[in-house]
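> My questions will all concern the structure given below.
The values are calculated or read from the model by the stated rules, or taken from the named source; none is laboratory data. This one's a predicted model, so the numbers in the text were calculated from it and none came from an experiment. Every residue, glycine among them, receives a Cβ derived from its backbone with ideal geometry; neighbour counts consider all protein chains shown.
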Amino acid sequence: MTRLFTAVGAPVVALFTYLGELVVLAGETFASIAMQKIRWRLFLNQVVEIGLKSQLVVVITGGFTGAVFAAQTFFQFNKLGMGSAVGAVVSVSLFRELGPVLTALMVTGRVGAAMSAEIGTMKVTEQIDALRALAVHPVDYLVVPRTLAMMVSMPLLVAECIGVGIAAGYFVAITLLDVSGTYYVANMVRWTLMRDIVMAMSKAYIFALLIVFISCHKGLTTREGAVGVGRSTTEAVVNGSLAVLIVNFFLTMTLNIIFPAGYQ
């Protein structure tokens, strides 16, 4: 019986311990943002690394997602004589779900892994201990610039993904599938509401915080040398991706309650 309780309870305790450590890291980060001087040079460097250098993967993801989604939607809707409704479905889907989630997954794979690996390498080579010896708090120096850069970059990347996806869907529907461009745009504008945009930006900010705190936490808790760096990088990507998918469900349910169908 004791072994059973240990086997069941140990993962639960580990999960709540991990969540508690993430909350503590988030609290220290926001306290540092409010009370300490921002290192603007580091912040701008991270904006370049996170935002500018992630554009290619985000554009490709958004473009081909919008294109294939428009094609699949047309193939089904055209059977019912509703081919002109493709624009509305593609636009709303990209704003509410596909744009934020796919962008977050791509950024997790590219940026989250890099953050965890970089900070983890600093940890195992005792560079973080050297920062403390120089009276520099690791959270101020490493986490805060990445958090601010992620909060700035993620909404822009999500908007870019959605915009390219809508444009690609329009091109496929009008050029390849012979959908009426006038009705396509009219339905898209009619059914894409302000609440869809608010949902996209809300998810972008929350996913940004999830990715940066999970990745930085894994880097700061890295152990066991090079093997530990590889393990932390893998866990950062896996945990970040799972967190995005799980939190997305609860965000969708919550935001649909906050912004009901009649909200403009």
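> Search the stretch 183-207 for residues that are more than 14 Å from Thr103 (Cα to Cα) and pair each with any residue that is among the polar types (S, T, N, Q) when their beta-carbon atoms are under 7 Å apart and the residues are at least 6 apart or on different chains.
Between residues of the stretch 183-207 that are more than 14 Å from Thr103 (Cα to Cα) and residues that are among the polar types (S, T, N, Q), the close pairs are Tyr183/Ser84; Tyr184/Ser84; Asn187/Ser84; Met188/Ser91; Thr192/Ser91; Leu193/Gln264; Met194/Gln264.
> Here is a further query. What's the number of the only condition in (1) crowded, with 20+ Cβ neighbours inside 10 Å; (2) without any contact (Cβ under 8 Å) to a residue 12 or more places away in the chain that Asp178 fails to meet?
All conditions pass for Asp178, except number (1).
> Look at Ile211 and say whether it is crowded, with 23+ Cβ neighbours inside 10 Å and under 24 Å from Met115 (Cα atoms). Give the steps one after another, and end with the answer.
Numbers: crowded, with 23+ Cβ neighbours inside 10 Å: yes; under 24 Å from Met115 (Cα atoms): yes.
Considered against the rule, which asks whether it is crowded, with 23+ Cβ neighbours inside 10 Å and under 24 Å from Met115 (Cα atoms), Ile211 comes out as yes.
> Also: Quick one: Ile38 ticks every box in (1) assigned to a helix (DSSP H, G or I); (2) touching a residue at least 12 places away in the same chain (Cβ under 8 Å) except a single one, so which number is it?
(1)
> Among the residues of the stretch 221-240, what is the count of those that are part of a helix (DSSP H, G or I) and surrounded by fewer than 19 Cβ atoms within 10 Å (Cβ to Cβ)?
Looking only at that region, the number is 9.
> Could you tell me how many of the residues in the stretch 111-131 are surrounded by fewer than 16 Cβ atoms within 10 Å (Cβ to Cβ), in a helix (DSSP H, G or I) and not charged (D, E, K, R)?
Quick first cut of the stretch 111-131, residues surrounded by fewer than 16 Cβ atoms within 10 Å (Cβ to Cβ) only: 125-127, 129-130.
So of that shortlist, the ones also in a helix (DSSP H, G or I) come out as 127, 129-130.
With not charged (D, E, K, R) added as a condition, the list becomes 127, 130.
Residues flagged as surrounded by fewer than 16 Cβ atoms within 10 Å (Cβ to Cβ), in a helix (DSSP H, G or I) and not charged (D, E, K, R) within the stretch 111-131 amount to 2.
> Also, I was wondering about something else. Considering each of Phe207, Phe250, Phe213 in turn, give the residue that is assigned to a helix (DSSP H, G or I), touching a helix residue (DSSP H, G or I) at 6+ places or on another chain (Cβ under 6 Å) and under 17 Å from Phe95 (Cα atoms).
Phe207
> Of the residues that make up the stretch 155-169, is at least one without any contact (Cβ under 8 Å) to a residue 24 or more places away in the chain and either crowded, with 21+ Cβ neighbours inside 10 Å or out of contact with any Cys (no Cβ under 9 Å at 6 or more places or on another chain) (or both)?
Within the stretch 155-169, the subset without any contact (Cβ under 8 Å) to a residue 24 or more places away in the chain is none.
Scanning the stretch 155-169 turns up no residue that is without any contact (Cβ under 8 Å) to a residue 24 or more places away in the chain and either crowded, with 21+ Cβ neighbours inside 10 Å or out of contact with any Cys (no Cβ under 9 Å at 6 or more places or on another chain) (or both).
> Hey, another quick one. Evaluate the following for Thr73: is it at pLDDT below 90 and either over 23 Å from Glu235 (Cβ atoms) or more than 22 Å from the chain's Cα centre (by Cα) (or both)?
Against the criterion (at pLDDT below 90 and either over 23 Å from Glu235 (Cβ atoms) or more than 22 Å from the chain's Cα centre (by Cα) (or both)), Thr73 does not qualify.
Every residue, every condition in (1) in contact with a helix residue (DSSP H, G or I) (Cβ under 6 Å, 6 or more places away or on another chain); (2) under 22 Å from Arg146 (Cβ atoms), yes or no:
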residue	(1), (2)
Arg41	no, yes
Asn45	no, yes
Ile50	yes, yes
Gly62	yes, no
Gln72	no, no
Phe75	no, no
Asn78	no, no
